[in-house]
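Below is one structure, written out as structure tokens; comments come after it.
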Amino acid sequence: MQNIKIYFNQSCSICNREINYYKTKIKNPLIEWVNINDNIAAYIETKKTKDQLMRRMHAMVNGQLVAGARVFLIIWNEMAEFKTLAKIAGKPVLFQIFFVVYEIFALPLYLKNKFFN
């Protein structure tokens, strides 16, 4: 099993709702859910600013920082009902599409939370 920290923006209502769903489904005690808001330890651990962490979801997996769409693959691999989706979305060609779709959805959420929260 891997030690995993998922860094997420709890002040984003959509992000928070999604993470809360994952928390109810994932029983792996080695996953730590880290709210990035005003969390200096998160900025130090990731070597990222709050703004950078707000732009994309991040995960620290055994000391390696992962960002964006790849974090979903990490999370989904921990859930029986999403393992197949993680395998499909992780295929090289499909991952490129998944990456673009993630970025399209993540940018407006980031802007909303940066300027309207």
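Readers should treat all values here as calculations from the given coordinates under stated rules, not as data from a laboratory. All values derive from a computational prediction rather than experimental measurement. Note that each Cβ is placed from the backbone with ideal geometry, even for glycine, and that neighbours are counted across all protein chains shown.
Every condition in (1) in contact (Cβ under 8 Å) with a residue 60 or more places away in the chain; (2) in contact with a helix residue (DSSP H, G or I) (Cβ under 8 Å, 6 or more places away or on another chain); (3) under 24 Å from Asn117 (Cβ atoms) holds for Ile4 except the one numbered (3). If you go through segment 30-58 and keep only what is among the charged types (D, E, K, R), without any contact (Cβ under 8 Å) to a residue 60 or more places away in the chain and more than 26 Å from Asn77 (Cα to Cα), you end up with Asp38, Lys50.
Listed by position, the helices (runs of 4 or more DSSP H) enclosed by segment 13-117 that each have at least 1 residues that are surrounded by 12 or more Cβ atoms within 10 Å (Cβ to Cβ), out of contact with any strand residue (DSSP E or B) (no Cβ under 7 Å at 6 or more places or on another chain) and of a type in the set (D, E, K, R) are 13-25, 50-55, 69-76, 83-89, 92-116. Go through segment 96-117 residue by residue and tally those that are in contact with a helix residue (DSSP H, G or I) (Cβ under 6 Å, 6 or more places away or on another chain) and more than 21 Å from Tyr21 (Cβ to Cβ). Residues that pass the stated criteria total 1.
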